[in-house]
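A quick write-up on the structure given underneath.
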Amino acid sequence: MQAERFFAFNLTGEHKKEDMEFCCIICFPWEILTLKEHGRWKMDSIWSKTSKQKKRPSLEGDIQTDVAVIGGGITGILTAWHLEQAGIRTVILEADQIGGGQTKNTTAKITSQHGMFCNRFLEKKGEEKARNYVQANQEAVKEYKRIVREEGIDCDLTGCDSYVYSSDKEKLRKETEAARKLGINASFVEHIEIPVSCAGAVMFPHQAAFHPLKFLEALARNLTVYEDTLVTEVRGHQVKTSCGSVRADKIIFAAHFPFVNFPGMYFARMHQERSYVIALETEEKLKGMYIGEGKETLSFRQYDKYLLLGGQAHRTGENRTGGQYENLKKAAAEMYPQSQVTACWSAQDCITADGIPFIGRYSEERTDWYVATGFQKWGMSSAMVSAMLLRDMICGISNPYEDIFAPSRFSAEEIPQIMKGSGKAVKGLTKRFFHLPGGTADELLRGHGAVADTPQGKAGVYKTEEGKLCQVDIVCPHMGCELNWNPEELTWDCPCHGSRFDREGNLIDGPAQEGISHG
Ligand code: FES
């Protein structure tokens, strides 16, 4: 890794420069500076900056195995590791490098406290299902601790309590009671250590937090991982990739968003959201980890000398105004006036209608395919739940949590989601054909992007700070919706199912499997 000069923005308005040993850089003076890497524009999280990953080979030729796992994020690696422990030959196919998708963007809280959910699940799902959901996640927290301890993994894992704060005291009391009914030793606390206005918080004890990429690198040490190996097609037991093929008895889709549209139709059953994180250097050292209740929530956790502040979530493709990092920066300036922002990054999450991930058989028609997706904002515990559940399903071991996560479940809560998704898709598709005359590329300000009229017709245009125009097709290759410009991240985002592309058209996030054309 090559060290570069590091700039930090002091929230009191004073800028300073420091030499740091991390590669890449961040924000000065709170502009979103991105770095192009492997043809993609991206920001780097604190995890990417503070760990090194070994480069692994690509697949060559055609091979056979018991299980092929698509996706080398935390879900894929954990699942493969558990399967190998059970004596099942497993290979992992990763399009980029391990942890290179959403795992590097997490806040890496390991907790069964998924926001304010216990009372809601009790009322909507009943006690048995709600208890199963909570207990599956409690076991996941314990399993992380066990693996780290028994494998001797150095990943900065720390035990800590988890809190959800709210201004509604009655709601907090009900949530505490519900959590206790579901078997959690939860308690209501009136005072918490973060400077937010609230009536208190619900506390779950004995949760944890860690460095996800250090953990992943250690766990993948003895696994068969092929990097830079993009899966292009899955048929029956055959997985085709950009550099060879794998024949497997079982296939697991663990690459964030399952990209095979039919069967399964996951694109209609989930939507994607983006959220933003800044890392602050402060004098504060939080002992617990926190999240607020409701839409305008903020998330807090400590890692080493950094306080990670997250929030500003929105549906992918619906960010017309930008300002998410600026808003987080303002919040940080009020709460921690002496702090310095030292990193910023964003994450993408798959959201299911009933708030429960899809883990299990991909569809009734493909009984040898499995899927793990829809983790909401709780990727770490959900990844471990997936790994343990899929291992048991593939080994033929009964698992009490199979039903609650089964993708084949149908919940009435899905109907509005499907209707809303369909509405977005229709709107996204028709926009392509009914476009009112807009601005021209010449009218664009430097550093801005927009859909514009060009000599070649309607196109997405970004004008660089140097005045160079970057022009791309704005038709999403997934199912044809029109892309929207995301001014915060300088990307083209799809409002239908959440695919994303950089300003040059390279694919960042699926379900699309290819980039958009440029010229
Ligand atoms: Fe489905 Fe764009 S992600 S149409």
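Does residue 296 satisfy the criteria of being of a type outside the set (A, V, I, L, M, F, W, C), under 30 Å from residue 450 (Cα atoms) and modelled with pLDDT under 95? Yes: the conditions hold for residue 296. So residue 441 clears everything in (1) open to solvent by 10 Å² or more (accessible area, probe 1.4 Å); (2) touching a Gly at 6+ places or on another chain (Cβ under 9 Å); (3) away from the ligand (no atom under 16 Å from the Cβ) except one condition, right? Which one? Unmet condition: (2).
At pLDDT 95 or above and either assigned to a strand (DSSP E or B) or of a type in the set (S, T, N, Q) (or both), is that true of residue 422? No. Sub-6 Å Cβ pairs linking a first residue in the stretch 498-519 that is over 15 Å from residue 242 (Cβ atoms) and among the β-branched types (Val, Ile, Thr) to a second residue that is open to solvent by 50 Å² or more (accessible area, probe 1.4 Å) and more than 10 Å from the ligand (Cβ to nearest atom), at least 6 apart or interchain, are 516/473, ordered by first then second residue. Evaluate the following for residue 143: is it touching a residue at least 12 places away in the same chain (Cβ under 8 Å), of a type in the set (Asp, Glu) and in a helix (DSSP H, G or I)? Answer is yes for this residue.
Filtered by the rule that a residue be surrounded by fewer than 24 Cβ atoms within 10 Å (Cβ to Cβ) and either part of a strand (DSSP E or B) or within 16 Å of the ligand (Cβ to nearest atom) (or both), the stretch 294-306 gives 298, 299, 301, 302, 303, 306.
When restricted to residues that are hydroxyl-bearing (Ser, Thr, Tyr), more than 20 Å from residue 495 (Cα to Cα) and surrounded by 23 or more Cβ atoms within 10 Å (Cβ to Cβ), the stretch 350-381 contains 3. Of the residues making up the stretch 200-210, one or more are closer than 26 Å to residue 55 by Cβ and modelled with pLDDT of 95 or more. Remark: pairs (first residue in the stretch 303-327, farther than 20 Å from residue 281 by Cβ; second residue of a type in the set (Phe, Trp, Tyr) and outside any loop (DSSP other than H, G, I, E, B); Cβ separation under 7 Å; 6+ apart in sequence or on different chains) = 312/276; 324/276.
Out of 224, 176, one residue alone is within 19 Å of residue 89 (Cα to Cα) and out of contact with any helix residue (DSSP H, G or I) (no Cβ under 7 Å at 6 or more places or on another chain). It is 224.
Identification of strands (runs of 3 or more DSSP E) wholly contained in the stretch 197-293 with 1 or more residues that are without any contact (Cβ under 8 Å) to a residue 60 or more places away in the chain and surrounded by fewer than 21 Cβ atoms within 10 Å (Cβ to Cβ) yields 200-209, 231-235, 238-241.
Of all residues in the stretch 28-52, those that are open to solvent by less than 50 Å² (accessible area, probe 1.4 Å) and at pLDDT 50 or above total 9.
With respect to the conditions (1) part of a loop (DSSP other than H, G, I, E, B); (2) open to solvent by 20 Å² or more (accessible area, probe 1.4 Å); (3) within 23 Å of residue 313 (Cα to Cα), residue 113 falls short on a single one, namely (2).
The values are calculated or read from the model by the stated rules, or taken from the named source; none is laboratory data. Just so you know, these numbers come straight off a predicted model, no measurement behind them. A quick note on method: Cβ atoms are made from the backbone with ideal geometry, for glycine too, and the neighbour counts reach across all protein chains shown. All accessible areas refer to the heavy atoms of the entire protein, side chains included, with ligands and DNA or RNA removed. Shrake-Rupley method; radii C 1.70, N 1.55, O 1.52, S 1.80 Å.
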